[in-house]
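Notes for the one structure printed next.
Just so it is clear, none of the values below were taken in a lab; they were calculated from the coordinates. Quantities reported herein were computed from a predicted structural model and do not represent experimental measurements. Quick reminder, even Gly has a Cβ in these numbers, built from the backbone with ideal geometry, and neighbours come from all protein chains shown.
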Amino acid sequence: MDKSQSERYQFNAKGLFEIVPSGDSKGKHTVEFGIMYEQRVERSHVILPRNLWQIARQLTNSHFNNLDFTDSIGVIDLGNGNFVTQYANLVQDKTWADLDPANRTDGQSNFDKNLRAALGAGRKEWIDVDNLTPDQLLLEYFSPTELTNAQIMGYYGYDYLGNTVGGDISFNDFFLEKDADGEYTRRIAPNQPIYTAAYVEDKFLFKDIIFRIGLRVDRYDANTKTLKDPYSLYDALTASEFGGNTPGAVSNNAVVYTDDGTTNGEVRAYRDGAVWYTADGTEVNSPINIFGVDRALPALVTQNDNIQSASFDPNSTFVDAEPTINWMPRLAFSFPISEEANFFAHYDVLAQRPPSNTLATPLTYYYFLDNIQTPDYQFNNPSLRPERTIDYEVGFQQKLSASSAIKMSAYYKELRDMIQSQTFLYAFPSNYDGFGNQDFGTVKGFNFSYDLRRTGNITLRATYTLQFAQGTGSDANSQRGISNRGNLRVIYPLSFDERHRVTGTIDYRYAEGNKYNGPTVGGKQIFANAGINLTVISASGRPYTASLISDPVSDNSGGGSGTRGGINGARLPWNTTLNLRIDKDFTLVEPAKGVKGMYLNVYFRAQNALDQRNTLGVYSFTGSSDDDGYIASARGQAVVNNAISPESYLLSYQWRLLNPGFYTLPRRMYIGALINF
């Protein structure tokens, strides 16, 4: 019953013109420019159908409170002269549409009301859902809140029944919009982020120096609402609103915390963004120094506010997610340092819209307290900014001969505003895990390449890269285990820190006609337009974090727990891959005046031709890809000895250890043909 839909609307326009001052072609400016607009429209509808029967049982007869002892509907003969009076059910007049969504503990559910109408059953008649057939039940009998309360449904871009809704629905409609029966519709608009960009670049020559100067401006708009304050689900008073004597070091916009969360309480702390102050205005590194094991209680504007209450004002909690504008200059230039050498350099700023963790719907916040009870639940953050990379590179090219050259360059990249898991400690009404633009990193490296253009039958290219990648987080969840200890930022090797990489490509190929120098059979150039291409890729192992304790692989612990050494302090082994391609071109139609030629390329290709079993992953305790060390441990031995069949247990466990994701793919061979015309 799950479904999703994704649409993308994009507009691109670009142009180019040249400026030639006074007819001087050497001073020519080639200007390229363009604009782009993109909007994605994403919808999703997920439901757990097996849970519907359980929810139906719970909601049916929900308005029965007891027996109505004033309404006798019959007498039951128990035999032996004993009789029992049968009374009607005592029912409540109110339906759930009449009650506050935050306090629907009694009254008739919408499902019960609609089911009785469909079955023609009276309000006092008991209905046994398990005796009904599926064709007697419809999803529309439920109200949206009845299904979402059960945590069996999630949706956006659709209504709760799975019907498509448009983008004209506002964020606040989820909390305010009702249908004709007075029940909340709980409609949610599609996810509709907007991305716009414009760029201009000028290429020109100045005193033998070739310049490329440009600027790109990106605007990213999540096009939704987000929490006004990530540390409080409800609107809290600022220092200026609270009044009293605010310490001079504290901003008037800082949130006030009191001992009881009211305006009458004693001030315990102030918070300006993520910076905390004591009551006397002293900045502290962590709020734990103020509250200890106590809860942090902001002075709320509305006491006892409840996001699920009918009186809740969404404007007090949510604001429009602020669009992010990124200015990305580009400067590149090159110039000859001799007749056979050339120097080049560039500076780039690149921005990437948040790749993940940005979608949070009203449902996310409406069930805030329910969600934080879910193990490992993380709240997405619509306020995430684009990730940025600042790139520098310098190098030079040297001609060695008429057909060969070398190229060397050094580069440095700064990774900023990278997305990382974040625990919001002392948030109200509870701590929770979310995401923020907290991480940064650097990538430093050196590239060397040698190129040999076609010389006789051979083309050769060889490259070597030396790289150092360090930072505070390799991906959005790399700090997940320690983020609840505060904002810890430790530099360590990133998971993509590949220290050495060597590649080599050699292509041996025969020409045709007068340029053919291969063997002939009966005057036929049997290898004309045929060749073989070999590519070798060899790379040093990437880092991983070694474990201190061996755990059974069934615990999904990666084969261990605890940390031995530093984070990403161990390395995988080197891996080497050889790829092979043999192909030959055939002319099907000779090119002629007004007629294009047609050519057939027949090839044989083998990836990982030597069938190397390169290691991509290991168990963190042993560093081995086929042994997690658990069976050899004291705990493992105890489990084996207590097994009903130790031999069967060992065989099953060994089978469980085999993880194909720890290795590169085996040799794969392909035969194919391409037609070019």
Cα-based equivalent ellipsoid, segment 257-353: semi-axes from gyration tensor eigenvalues, Å = 53, 22, 9
Where nothing but the Cβ of Lys and Arg (+1) and of Asp and Glu (-1) is charged, how large is the charge dipole of segment 114-239 around its Cα centre, in debye to the nearest 20?
-> 580 debye
Which peptide among 608-620, 161-173, 126-138 comes first, and what is the full order, when sorted by highest mean count of other Cβ atoms within 10 Å?
-> 608-620, 161-173, 126-138
For segment 333-447, treating each Cα as an identical point scatterer without solvent, what Debye log10 I(q)/I(0) comes out at q = 0.11, 0.21 1/Å?
-> -0.57, -1.09
Nearest-ten-degree value, helix 646-657 long axis tilted from longest Cα axis of the chain | 60 degrees
Diffusion constant of segment 357-514 at 20 °C, which comes from Stokes-Einstein with the Kirkwood Cα-pair radius and 1.002 mPa s, µm²/s | 110 µm²/s
Tell me, Tyr516, Tyr231 in order of fewest to most beta-carbon neighbours within 10 Å?
-> Tyr516, Tyr231
For all pairs of alpha-carbon atoms in segment 164-231, what percent lies in each bin of width 10 Å, listed from the first bin to the last filled one?
-> 15, 25, 21, 14, 11, 9, 4, 1
So for R0 = 30 Å, FRET eff. of Ala121-Ser309 from the Cβ-Cβ r, to 0.05, ends up at 0.40
In percent, how large is the relative contact order of the chain, given Cα pairs closer than 8 Å and 6 or more residues apart?
-> 7 percent
Treating cross-link reach as a plain straight distance, find the lysines whose alpha-carbon is under 30 Å from the alpha-carbon of Lys524, omitting any fewer than eight places away in the same chain.
-> Lys515, Lys584, Lys593, Lys596
Under the definition of Cα pairs under 8 Å and six or more residues apart, what whole-number percent is the relative contact order of segment 267-405?
-> 20 percent
Binning every alpha carbon pair distance of the chain at 10 Å from zero, what are the percents per bin?
-> 2, 9, 14, 17, 19, 16, 11, 6, 3, 1, 1, 0, 0
How do Lys178, Lys524, Lys584, Lys225 rank when sorted from fewest to most other Cβ atoms within 10 Å of their own Cβ?
-> Lys524, Lys178, Lys584, Lys225
Size of segment 123-256 along its principal axes in angstrom, Cα-based, largest extent first?
-> 94, 54, 26
Which number do you get for Rg(Cα) / (2.2 N^0.38 Å) in segment 153-195?
-> 1.17
Note down the magnitude of the dipole of the chain about its Cα centre, charges +1 on Lys and Arg C-beta and -1 on Asp and Glu C-beta and zero elsewhere, to the nearest 20 debye.
-> 4100 debye
Put one equal scatterer on each alpha carbon of segment 263-311, apply the Debye formula with no solvent term, and list log10 I(q)/I(0) at q = 0.13, 0.26 1/Å to two decimals.
-> -0.39, -1.02
Within straight cross-link reach of Lys3, meaning Cα distance under 30 Å, which lysines are found once same-chain residues fewer than 8 apart are removed?
-> Lys113, Lys178, Lys225
12 Å Cα-Cα reach of Lys413 towards aspartates and glutamates, excluding residues that sit fewer than 8 places from it in its own chain | Asp348, Asp391, Glu393
Arranged by the count of other C-beta atoms within 10 angstrom, fewest first, what order do Glu42, Glu177 take?
-> Glu177, Glu42
